[in-house]
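*Asks:* This is the structure I want to talk about, given as structure tokens.
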Amino acid sequence: MENHDVVLEVEKLTKHFPIIRGFLRRTVGQVKAVDGVSFDVRRGETLALVGESGSGKTTTGRCILRAVEPTSGKILFSETPDAPPVDIATLSPRDLRFMQRHLGMIFQDPYSSLNPRLTVLDIIGEPFITRNLIRNHRQLEDRVAELLHSVRLDPAYMRRYPHAFSGGQRQRIAIARALALNPPFIVADEPVSALDVSVQAQILRLLKELQTERQLAYLFITHNLAVVEYISDRVAVMYVGNIVELGDTPNIFARPRHPYTEALLSAVPVIEKSGDKKREHIVLTGDVADPAKVPSGCHFHPRCPHVAAICREQAPPFINVAGPGESPHFSRCHFAQELTLRGVVKKEAAIGAEAINALPTEGDLT
């Protein structure tokens, strides 16, 4: 990893879960949850990892943090621009524990991710206590107060328990805990999907503000492309363990280069004016392919409206389809250069940057 702007580089990451059956507990197959995924995340940017349930995006995030042991591949992490990259996948348990100080995690459900028996002070202060970083109780209170203020919560609430807070407030507490040790990189796994729309917008804006203040890099895992246009700089679209499209967010929204991305974008809510032609919602036939029985050729071909004979027989390469002078735009489709696929014009999006920025965050405790 030579690019000093890259904080994380994933190379050919795989995670295969064995299928064990019978009295003798024999391995009879593999569930290929993640199958050769490669991407990088730059300092201060957000890479959105999107796809339907079962696409492997959450498993990818957990492999990066070593919450799940990867089967193979490299996970190269560089704490600072001048620091040499470290392969997280090969670290011993002792070295991994030290490295995890530099990696944060925000979970999907703010109701189950916080221990109901601990106060906010205990929850946010736990990383400092378990690593013996702060032993003075007064210093711990001061540090927790700083973190609560950074997520726009009143420090006076630090002695309350999670049940006393709303969903949005609980997620702010979870964010404060993720920021406790000042990590440069955070995996956010569906951090707003359990919240209602107005609170989603407030949390998204908070994440953006924290990113600017702290130069954070996010891997933002989601199935909802409606929030991706606001939060992400680049988008990686996953399908059955593979990344099928990767590029800058505006380019993917304006001109997708894979039929699966087009179908996902067709479900994004848009603002329709009277008299406009109703926007078509692409309904894919069939279900997401079984990662234990991956289709031959292109994994998407059983559901693709543009399928051809070559799609059933040959796996498409992952190639850069951008033109000269354009930002890199990768697609895993035999006809990426030929198909004209419909995207979403920025002004059509129902959840836009203007609407989110208009919402208050300072002093808002929703």
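The values are calculated or read from the model by the stated rules, or taken from the named source; none is laboratory data. As the structure is a prediction and not an experimental result, all values here were calculated from the model. Don't worry about glycine lacking a Cβ; one is built from the backbone with ideal geometry, like all the others, and counts go over all protein chains shown. The protein model used for the area step is the full one, side chains on, heavy atoms only, and it has no ligands, DNA or RNA in it. Shrake-Rupley method; radii C 1.70, N 1.55, O 1.52, S 1.80 Å.
*Asks:* Assess whether S72 counts as being out of contact with any strand residue (DSSP E or B) (no Cβ under 8 Å at 6 or more places or on another chain), of a type outside the set (V, I, T), at negative phi and surrounded by fewer than 18 Cβ atoms within 10 Å (Cβ to Cβ).
*Replies:* No, not satisfied.
*Asks:* Looking at A289, A315, can you tell me which residue is touching a residue at least 40 places away in the same chain (Cβ under 8 Å) and touching a Gly at 6+ places or on another chain (Cβ under 9 Å)?
*Replies:* On the way: A315 fails: touching a residue at least 40 places away in the same chain (Cβ under 8 Å).
Result: A289 is the single residue among A289, A315 that is touching a residue at least 40 places away in the same chain (Cβ under 8 Å) and touching a Gly at 6+ places or on another chain (Cβ under 9 Å).
*Asks:* Inside the stretch 1-107, counting only strands (runs of 3 or more DSSP E) that do not spill past its ends, which hold 1 or more residues that are among the hydroxyl-bearing types (S, T, Y) and modelled with pLDDT under 95? Before the answer, list the steps.
*Replies:* On the way: elements: 6-21, 26-42, 46-50, 72-77, 103-106.
Correct list: 26-42.
*Asks:* Which ones in the stretch 120-156 are open to solvent by 50 Å² or more (accessible area, probe 1.4 Å) and either under 20 Å from L195 (Cβ atoms) or in a helix (DSSP H, G or I) (or both)?
*Replies:* Step one: list which residues in the stretch 120-156 are open to solvent by 50 Å² or more (accessible area, probe 1.4 Å), which gives 122, 126, 129-133, 135-139, 142, 146, 149, 154, 156.
Scanning the stretch 120-156 gives D122, E126, I129, T130, H137, R138, Q139, D142, E146, H149, D154, A156.
*Asks:* Here's something else I'd like to know. Within the stretch 165-201, how many residues are polar (S, T, N, Q), under 18 Å from the mean Cα position of the chain (by Cα) and more than 24 Å from T59 (Cα to Cα)? Don't jump to the end; show me each part of the working.
*Replies:* Filtering the stretch 165-201 for residues polar (S, T, N, Q) gives 166, 169, 171, 182, 193, 198, 200.
Filter again for under 18 Å from the mean Cα position of the chain (by Cα), leaving 171, 193, 200.
The next check asks that each one be more than 24 Å from T59 (Cα to Cα); those that pass are none.
Looking only at that region, the number is 0.
*Asks:* Could you tell me which of the residues P84, P116 is in contact with a helix residue (DSSP H, G or I) (Cβ under 8 Å, 6 or more places away or on another chain), more than 16 Å from P183 (Cβ to Cβ), open to solvent by 30 Å² or more (accessible area, probe 1.4 Å) and of a type outside the set (S, T, N, Q)?
*Replies:* That would be P116, the only listed residue that is in contact with a helix residue (DSSP H, G or I) (Cβ under 8 Å, 6 or more places away or on another chain), more than 16 Å from P183 (Cβ to Cβ), open to solvent by 30 Å² or more (accessible area, probe 1.4 Å) and of a type outside the set (S, T, N, Q).
*Asks:* So which pairs qualify, if the first residue must be in the stretch 135-154 and under 19 Å from I203 (Cα atoms), the second must be open to solvent by 80 Å² or more (accessible area, probe 1.4 Å) and of a type outside the set (A, V, I, L, M, F, W, C), the Cβ gap must be under 8 Å, and the two must be at least 6 apart or on different chains?
*Replies:* S150/E213; R152/E362
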